[in-house]
Amino acid sequence: MALCRRFSKVYRSLHRRTRPAASVSDYAPAVNPFSDPLISTFSNRFTPFNPPNPTYKHFNNSHFSAGNLTLAQSLHYSNLANPKNEKNNNNYSSHVLSWIDLYLPKKVQPYARLARLDKPIGTWLLAWPCMWSITMAAESGNLPDMKTMALFGCGALLLRGAGCTINDLLDRDIDTKVERTRLRPVASGALTPFQGLCFLGFQLLLGLGILLQLNTFSQVLGASSLLLVFTYPLMKRVTFWPQAYLGLTFNWGALLGWAAIRGGLDLVVVLPLYMSGVFWTLVYDTIYAHQDKDDDLKVGVKSTALRFGDSTKEWVTGFGLASIGCLALSGLNAEIGWPYYAFLAAASSHLAWQIWTVDLSCRADCNKKFVSNKWFGAIVFGGILFGRLCS
């Protein structure tokens, strides 16, 4: 008995010295935010919780909120769910905690993920050709029309979301077989195809409201892009060049932006600008496609990553040179001032950096280089803006 009492005193002493930070239960004992039976409650020592999956990846983030976690807990569990901290960067099955999980209602979260609101890079890549064209269409020495740019920014957000919705509806059977995409809302069952279709109609209705504020020529030109938007997801089934088709789709704004300002098309300016965007898309989306090349082979879908294989860097270098050449030709025909070409040299350096340094066997690095293209678009935009002001 004496031995037991001594052991008890030692244990209590150690417990007092290592008392951890307060947990959720210390402040709200009557509330259990982790009501899902698959999720254990927090340990006071910030040790990982232990759901049936030992990798701690497949847990329901809908129970997380800013008020339910201490800062240390938030950082701890964010690190657990962050694939950058894993040695094996090929595991894409985890769902990284985002602002959607923290701030949006649970019922709205699948729709926000369906529109990729937590991944704005697609919106940037769709918006930049629009902004290039609108700025290039401005009168010499003047700023671009801010109202038109705001309309096109909102339109890019809506059209990108609609394109992702169409893609997920058509590819739901394929997405379940690809590690990176199998947790998408439709593929995982978080949304039914009918719910996705209704959401698509809502997005297109909002997009129509924006399109109706443009001139008649722009309305017809903008509506014609829907054929490309609806058919793009099918291209990976029939051709090894779906990235080229994506380029035709994503850069339609290069035509539409000029038409919205000038009421028509000056082909010697906008056609090279449009083609520069197509070649640019072939660069960044081929790099992006290398993330899924192993799964694509198993599923049987096609991409330029599979078409080019070990020659990818040579191909995308050629596309990069073609993109810069078309941008230079468009600026020359538009009579833009000299700052444009200085910015174009900087954009060329950025494109060369991502092509030469990308590790095509590393999914994380491919995604990093892909995301960096928002800065390429920004540099070109800055060049057009300053070039137009100085022309």
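Only the coordinates and a few stated rules stand behind these numbers; no lab work does. Computed from a prediction, not measured in an experiment: that's the story for all the values here. Note that each Cβ is placed from the backbone with ideal geometry, even for glycine, and that neighbours are counted across all protein chains shown.
Shape summary of segment 145-196, radius of gyration then Dmax from alpha carbon positions: 14.4, 45 Å. Kirkwood's formula applied to the C-alpha pairs of segment 121-390 gives a hydrodynamic radius of 19.0 angstrom. Positive-end ranking of Val299, Asn215, Gly383 along the dipole of segment 121-390, with charges on Cβ about the Cα centre, is headed by Val299.
3J(HN,Hα) along segment 236-247, derived from phi through the Karplus expression 6.51 cos²θ - 1.76 cosθ + 1.60 where θ = phi - 60°, amounts to 5, 8, 10, 8, 7, 10, x, 5, 5, 5, 4, x Hz, with x in place of Gly and Pro.
Taking the average, over residues, of other Cβ atoms within 10 Å as the packing measure, peptides 324-332, 155-163 rank 155-163, 324-332 from highest down. Applying 0.36 nm per residue to the separation of Thr192 and Leu321 and subtracting their alpha-carbon distance, the gain on full extension is 42.1 nm. Other residues whose C-beta falls under 14 angstrom from the C-beta of Asp266 contribute a net charge of -1, scoring Lys and Arg +1 and Asp and Glu -1. Computed over the alpha carbons of segment 233-391, Rg followed by Dmax gives 16.4, 53 Å. The string of couplings for segment 363-375 from the Karplus curve (6.51, -1.76, 1.60, θ = phi - 60°) is 4, 4, 6, 4, 5, 4, 5, 4, 5, 5, 5, 4, 6 Hz, one whole number per residue in order, with x for Gly and Pro. Listed values for segment 347-354 are Karplus-derived 3J(HN,Hα) couplings in whole Hz (6.51 cos²θ - 1.76 cosθ + 1.60, θ = phi - 60°), namely 5, 4, 5, 5, 5, 5, 4, 5, and x replaces Gly and Pro.
Distance between the pseudo-spin-label points of Val108 and Arg237 (7 Å out from Cα toward the beta carbon): 3.4 nm.
With kT/(6 pi eta Rh) evaluated at 20 °C and eta = 1.002 mPa s, and Rh the Kirkwood radius from Cα pairs, segment 173-305 diffuses with a coefficient of 128 µm²/s according to Stokes-Einstein. Close amide-amide hydrogen proximity is noted between Ser391 and Gly141, Gly337, each under 5 Å apart and 5 or more residues distant or on a separate chain (H modeled in the peptide plane; Pro and chain starts excluded). Placing dummy labels 7 Å off each Cα toward the beta-carbon, the span from Ala342 to Glu179 is 4.6 nm.
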